[in-house]
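Enquirer: Structure provided below as structure tokens; questions to follow.
The values are calculated or read from the model by the stated rules, or taken from the named source; none is laboratory data. None of these values were measured; they are calculated from a predicted model. Cβ: placed from backbone, ideal geometry, glycine included. Neighbour counts: every protein chain shown. Side chains are part of the model used for accessible areas, which takes the heavy atoms of the whole protein and leaves out ligands, DNA and RNA. Shrake-Rupley method; radii C 1.70, N 1.55, O 1.52, S 1.80 Å.
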Amino acid sequence: MYNGPGLCAQGDAGIDHARPNVFSGNLAYGNAYALTQGCGTGLTKPASQAGVQVHVFRWNGSEWQLCRSSDWKFGPTGQTGGDLGSPYGPSIVFDYGGSASCGPGRYGAQAHVMVWDGSQWREGHVWSGAETVP
């Protein structure tokens, strides 16, 4: 996403839909991370300096159309404490409503990630990939 002097801003995104008899839900998620230059170890940032928002899109046959969006979530970042002791940052798990939101079809999630480098916001988007939601 962004890898510049003193800071690497990264994120991830995912999407799921509810399926009978399987642990699942109509959920989209996004995570933001602040790392050292070169995308190495986690950087510690206060809660006001990293944020993430999730957008859910549906393929309408010719383009990806915005279906729903979460609010922004801001939080601290750091070196350890995330999954498996890895770097952590603000995260969102967003119930987008499945096909009740925009109809059945192909859905994908995009996380919009922002990290403050001390003088400006460094940002980017990351795509989840798509899946069919009946």
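Enquirer: Looking only at segment 70-83, which residues are part of a loop (DSSP other than H, G, I, E, B) and surrounded by 15 or more Cβ atoms within 10 Å (Cβ to Cβ)?
Expert: S70, G75, P76, Q79, G82
Enquirer: Let me ask something else. It is to be established whether one or more residues within segment 29-41 are crowded, with 21+ Cβ neighbours inside 10 Å, touching a Gly at 6+ places or on another chain (Cβ under 8 Å) and of a type in the set (S, T, N, Q).
Expert: yes
Enquirer: Find all pairs meeting these conditions: Cβ atoms under 6 angstrom apart; at least six residues apart or on different chains; first residue within segment 54-72 and under 17 Å from D12 (Cβ atoms); second residue open to solvent by 40 Å² or more (accessible area, probe 1.4 Å) and aromatic (F, W, Y).
Expert: Correct list of pairs: F57/W64.
Enquirer: Restricting attention to segment 1-29, report how many residues are free of Cβ contacts under 8 Å to residues at least 24 places away in the same chain and either under 16 Å from V56 (Cα atoms) or small (G, A, S) (or both).
Expert: Residues meeting the conditions: 1.
Listed here are the residues, each with its yes/no results for (1) out of contact with any helix residue (DSSP H, G or I) (no Cβ under 9 Å at 6 or more places or on another chain); (2) farther than 19 Å from G129 by Cβ; (3) open to solvent by less than 80 Å² (accessible area, probe 1.4 Å); (4) in a loop (DSSP other than H, G, I, E, B).
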{"position": "A18", "(1), (2), (3), (4)": "yes, no, yes, yes"}
{"position": "G51", "(1), (2), (3), (4)": "yes, yes, yes, no"}
{"position": "V56", "(1), (2), (3), (4)": "no, no, yes, no"}
{"position": "R68", "(1), (2), (3), (4)": "no, no, no, no"}
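Enquirer: Give the number of residues within segment 30-75 that are hydroxyl-bearing (S, T, Y), closer than 15 Å to Y96 by Cα and in contact with a Phe, Trp or Tyr (Cβ under 7 Å, 6 or more places away or on another chain).
Expert: Of the residues in that region, 1 qualify.
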